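All remarks here apply to the structure that follows.
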Amino acid sequence: MNAHLLIDAIVQQTMVFIAQLATSGGVRTPLAQVADQVFLELSAELQSQGVSKKVIADMFGMALRTYHRKVQASRQSQTETGRTVWEAIFEHIRTHEPVAGVDVHRRFIDDDVEVVTGVLNDLVSSGLVYRAGRGETAVFRTAAAADFAAAGQRTTDAWDWLVWLTVYRRGPVTESEVEQQARVPAEQCRAALERLLAEGRVTSSGEGSERTYTSGRFEIPLGESHGWEAAVLDHFQAMVTAIVTKLGEGAASAHPGDLVGGSTWSLDVWKDHPLRDQAVSTLARLRREIEELRQRIDAHNAVHPPAEPRERVVVYVGQCVRGT
């Protein structure tokens, strides 16, 4: 297997995916931290798989000392210890508004000038910050809280769905584990868990920091507009988990009786093709069949308590119809 060619292709497709998410619905999501986030999380995952820091540095084409400096620089601003550049600049504007762009660059002189410029552009593009003027005459101020009232509620909804998904997929988990895995701030994570507990979507056991959360179900009904972020993440995680599990087993080929894996078919039809309707309705048909199976399994489990240990069969299905 030529892993290098595969990695190049997957990175390219992942960038397409991130770019689409960052511009969906007409918004411009800040991306200033993405490169550093990729570097840090890839490093952390390699370490979790037992790869030493020296080997990781070699994999990135760096000397070990350079690698350590890169990790430190990626984690926080060189101007304000303990904060990312994005967080530090946003807080500086919020505290000192209106603030001139030249003053922002002067304040964060120890940070890379291109990073500071990129953060300012991302803050403006996302609507978190307003800019008057251009170039050296630019002045920045944060958007009013009222501007984000509706957006704040949508964000709260999204956190609830993401926290619920994490509890369902990873439970039993502690609050700190949910924070880490769902990438949700501590305050919002706690509030989301409280709402989910009150609604009966999540249950808990234990006390204090050892309290764990579980959920026996997670569902986003067809047609539901809320929770789309969790739905996309769940599908993506299911696909990646299946592929990673397959690779972890050392499998380089598929077999008819595989319990782990995936398959892709391309069905070439046209408007008057006698089998077009069957081809384009594949997703709907599979959704019905799997949903009926899930309901039968749930009905059985309600009468016969599940035995331990259990198995969870995660099935993901996708379809795209496009012209060629």
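The values are calculated or read from the model by the stated rules, or taken from the named source; none is laboratory data. As the structure is a computational prediction, the values presented were derived from the model and not from experiment. Heads up, the Cβs are rebuilt from the backbone with ideal geometry, glycines too, and the neighbour counts pull from every protein chain shown.
Just a few scattered comments:
- For the stretch 21-50, taking the residues that are modelled with pLDDT under 80 and of a type in the set (S, T, N, Q), the one that is surrounded by the most Cβ atoms within 10 Å (Cβ to Cβ) is identified as GLN33.
- Qualifying residue in the stretch 219-237 (condition: outside the structural domain of TRP164 (by TED's automatic domain parsing), in a loop (DSSP other than H, G, I, E, B) and at pLDDT 90 or above): no
- Contacts under 8 angstrom Cβ, first residue in the stretch 115-133 being outside any strand (DSSP E or B), partner crowded, with 17+ Cβ neighbours inside 10 Å and hydroxyl-bearing (Ser, Thr, Tyr), 6 or more apart: VAL124/TYR130; LEU128/THR142
- Restricting the stretch 242-282 to residues that are among the aliphatic types (A, V, I, L, M) and over 28 Å from the mean Cα position of the chain (by Cα), the residue that is nearest to VAL315 (Cα to Cα): ALA254
- Some residue of the stretch 264-286 being in contact with a helix residue (DSSP H, G or I) (Cβ under 7 Å, 6 or more places away or on another chain), in contact (Cβ under 8 Å) with a residue 24 or more places away in the chain and surrounded by 13 or more Cβ atoms within 10 Å (Cβ to Cβ): no
- The residue pairs whose first member lies in the stretch 189-214 and is within 19 Å of ARG170 (Cβ to Cβ), whose second member is basic (Lys, Arg) and surrounded by fewer than 15 Cβ atoms within 10 Å (Cβ to Cβ), and whose beta carbons are closer than 9 Å, counting only pairs six or more residues apart or on different chains, are ARG201/ARG217; SER204/ARG211; SER205/ARG211.
- Close pairs from the stretch 242-253: first at pLDDT 85 or above, partner among the aliphatic types (A, V, I, L, M), Cβ under 7 Å, at least 6 apart: ALA242/VAL260; THR245/VAL260; LYS246/VAL260
- Residue within the stretch 95-105 that is modelled with pLDDT under 80 and surrounded by 12 or more Cβ atoms within 10 Å (Cβ to Cβ) present: no
- Considering only residues in the stretch 191-216 that are loosely packed, with under 10 Cβ neighbours inside 10 Å and in a loop (DSSP other than H, G, I, E, B), the one that is nearest to the chain's Cα centre (by Cα) turns out to be GLY200.
- Unique residue being surrounded by 14 or more Cβ atoms within 10 Å (Cβ to Cβ) and out of contact with any Lys or Arg (no Cβ under 6 Å at 6 or more places or on another chain) when the list is ALA252, ALA230: ALA230
- The set of residues in the stretch 287-312 that are assigned to a loop (DSSP other than H, G, I, E, B) and surrounded by 10 or more Cβ atoms within 10 Å (Cβ to Cβ) contains only PRO306.
- Residue in the stretch 213-232 that is among the hydroxyl-bearing types (Ser, Thr, Tyr) and in contact with a Pro (Cβ under 7 Å, 6 or more places away or on another chain) present: yes
- Look at the stretch 43-68: where a residue is touching a residue at least 40 places away in the same chain (Cβ under 8 Å) and of a type in the set (A, V, I, L, M), no partner that is assigned to a helix (DSSP H, G or I) and surrounded by 12 or more Cβ atoms within 10 Å (Cβ to Cβ) sits 6+ places away or on another chain with Cβ atoms under 7 Å.
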